[in-house]
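Scroll down for the structure; my scribbles are underneath it.
Every number here is computed from the coordinates shown, using simple stated rules; none is lab data. Computed from a prediction, not measured in an experiment: that's the story for all the values here. FYI the Cβ positions are ideal-geometry reconstructions off the backbone, even for glycines, and counts take in every protein chain you see.
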Amino acid sequence: MSAETGNEAPSLGLLFQELVQHGVFEAALFALLLAAALSILWYTIRTGVPPMPSNPFARRAMFRLIPEDARPATIYELGCGWGGIAFELAARFPDARVVAIELSPLPWLVCHIRRLLQPRRNLEIRRADFLKADLADADLLLCYLMVAPMRTLERKLSADLRPGAVVIANAFALPGWEAEETEVVSEAMHANIYRYRVPG
């Protein structure tokens, strides 16, 4: 083997062949993990939002900002990721219909598997682009996105939501809306949690 060849990084094909020589299970596991990683990367690039769970302290603040007298009939979580907030919403509001929307297939699949272990009769897990979903029946809406998607979401919520609907946003504000209340979570790198209410 020449020095030049020896210094080259192995290709994915050669790496896969080596894994096959060690066993089919290892090769299949590698292929599965690679496909999962590429799927998450692709949908992160496509949506601009990684499927990152909310900080537990920030999550508690989001729930604290839900009005105490709230009796929502329909709740949405936009970009539900692995389902932490959606499952808690379904447990806290058993009489509400909770709709968790996630476009990335792997987190969406994990949510369905999780529901087998933690049944929630009032939880609907929907694989969709929430920017194309009909949100007009929302009484309460929660999200943890990024700066750019929040700008686009602001226009959609302004068009879709009815007066009185409450929106709670983790870390990233709706730039043109005035928050009804804000809580700073020092344990979550001083993240702001915003509560908005559609006027009218």
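Below is a table of values for the structure above.
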{"item": "Mean separation of Cα contacts under 8 Å, 6 or more apart, over the residue count of region 56-197: relative contact order %", "result": "25"}
{"item": "Sorted by Cβ neighbour density within 10 Å, fewest at the top, the residues Thr152, Thr44", "result": "Thr152, Thr44"}
{"item": "Electrostatic dipole magnitude of region 60-200 [Cβ: Lys, Arg +1; Asp, Glu -1; Cα centre; debye, to 20]", "result": "440"}
{"item": "Contact order relative to length of region 60-109, as percent, for alpha carbon pairs under 8 angstrom and 6 or more apart", "result": "40"}
{"item": "Karplus-derived HN-Hα couplings along region 88-99 (A = 6.51, B = -1.76, C = 1.60, θ = phi - 60°), whole Hz, x at Gly and Pro", "result": "5, 4, 5, 6, 6, 10, x, 8, 9, 8, 10, 10"}
